[in-house]
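Reading through the structure tokens given below for one structure.
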Amino acid sequence: MRTGGNERVDEAGRSALGRLGVLPMAGALMLLGVAAVIDVQAWLTEPPLGPDYIGPEPSFRDALIPISGLLACTAGLFALPPRAPVRRVELIAPLAPAAVLATTLVLATGDLGAYGYSLGMGELLGIFLAVTAAASRGSRLSLAVMAAAVAAVFLTVPLRSLGWGFSESGWLLFVAMALFTPGLYIRWRDHERTWRVEEIRREERLALARDLHDVVAHQVSGIVVQVQALRYIADRDPERVAAALPDIERAGSSALAAMRRMVGALREEDEPAPLDPHDLPSSLYSLESPGDVGRPRVEVDADGGAAHLPSEASAAVLRMAQEGVTNARRHARGATRVLVRLRTGGGRAVLEVRDNGRGAGAVHAGEGGYGLIGMAERVRLLGGEFEAGPAPDGSGWLVRAELPAEPVEDGGAR
């Protein structure tokens, strides 16, 4: 099974954070309480005002640090739960460094005195929680955005704290990037676990394939032996032949059922389940799905003639639609929409599967392009025309198949 380089393990039972249960959230809440006490205490403590006082003058800015810490921690807590949707993580996590950065810019406009304002415990904790969530589960783009935001926070520390100068930027960046270590470690553990699970699944599928061969071969061999024996007695004892036919039918049905069960078990997780070509409109519309982060939405537009296509054309249209949608989901970079359109008329059926992704050709030719080759061969055998390539307007990839399809009546043979 193909897996993207930024694969995320969203199921709590499979993620390193999820396997820790409530410990991450309980620990985060405990640290949040400690940070809140420290920040509020620092805010409420009266500075030793006098001729020797060299700090910033008391003002509303003193309250900004605990408020900023509260906002940052809130963002981190909302992004941290293992079951939180990835989109929530990617949208909320950057709010933690954004709140701290905005506070720094406001503090920089006031009187800093001799030493200014240091980062609060709540601000540091909120950034750490948000970074851990983004580094462990976010996409590469969100991780890059988070890294830039955190770097901006630490590089602007000299604007609010005169104890740090811009000459110490290297140390500040080192601290900023060190915050990503726990999250990246969790991400690595999730990838390692996913790889091991896939290895076990591949081994199990191989074992099932061997069982499929052994079981079905045994049953089919029995059927062949029975048929060969009946050929010799067919003329002499036709009643015995008729009596044996139900047994042969049961053996064939049993072999077919075993094959279907094992083929279903061998199907990849992201491989579509078999659909019914005899109900083409319903099967096509069942391909529709809402979009998600890294996964385009699928829309279907089929006219009324889809219900009256002959069985061979219906089966071909359905399989090509499935393959086209699967290709777009796996290989269309940046695609947000996949449109499956079927038009019938004039004894022809025209199927189009189009996405709005980038980089068309080389992307969809992945895995040797066998999916496209299979679709083209199916269309050729049915006497149709097939083409696949960048869309004429340059916006994505287009798969188009035109098949001969004389409509049949509702009561006709399907």
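Quick look at the numbers
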| read-out | value |
| --- | --- |
| Qualifying residue in the stretch 225-239 (condition: assigned to a helix (DSSP H, G or I) and modelled with pLDDT under 75) | no |
| Counted residues, the stretch 304-329 - those being more than 19 Å from Ala376 (Cα to Cα) and charged (D, E, K, R) | 1 |
| Number of the condition not met by Arg297 [criteria: (1) under 18 Å from Gly374 (Cα atoms); (2) modelled with pLDDT of 85 or more; (3) exposed (fewer than 15 other Cβ atoms within 10 Å of the Cβ)] | (1) |
| Which numbered condition Leu275 misses (of (1) outside any helix (DSSP H, G or I); (2) at pLDDT 65 or above) | (2) |
| Extreme residue, farthest from Ile65 (Cα to Cα), among residues of the stretch 116-153 that are out of contact with any strand residue (DSSP E or B) (no Cβ under 7 Å at 6 or more places or on another chain) and assigned to a loop (DSSP other than H, G, I, E, B) | Ser139 |
| Any pair with Cβ under 8 angstrom, 6 or more apart, that starts in the stretch 248-261 at a residue that is hydrophobic (A, V, I, L, M, F, W, C) and ends at one that is in a helix (DSSP H, G or I) and modelled with pLDDT of 75 or more | Ile248/Ile223; Ile248/Gln226; Ile248/Val227; Ala251/Gly222; Ala251/Ile223; Ala251/Gln226; Ala255/Val220; Ala255/Ile223 |
| Residue match in the stretch 141-154 (condition: under 35 Å from the mean Cα position of the chain (by Cα) and among the aromatic types (Phe, Trp, Tyr)) | yes |
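The values are calculated or read from the model by the stated rules, or taken from the named source; none is laboratory data. Everything numeric in this text was worked out from a predicted model, so none of it was measured. Note that we place each Cβ from the backbone using ideal geometry, even for glycine, and neighbour counts take in every protein chain shown.
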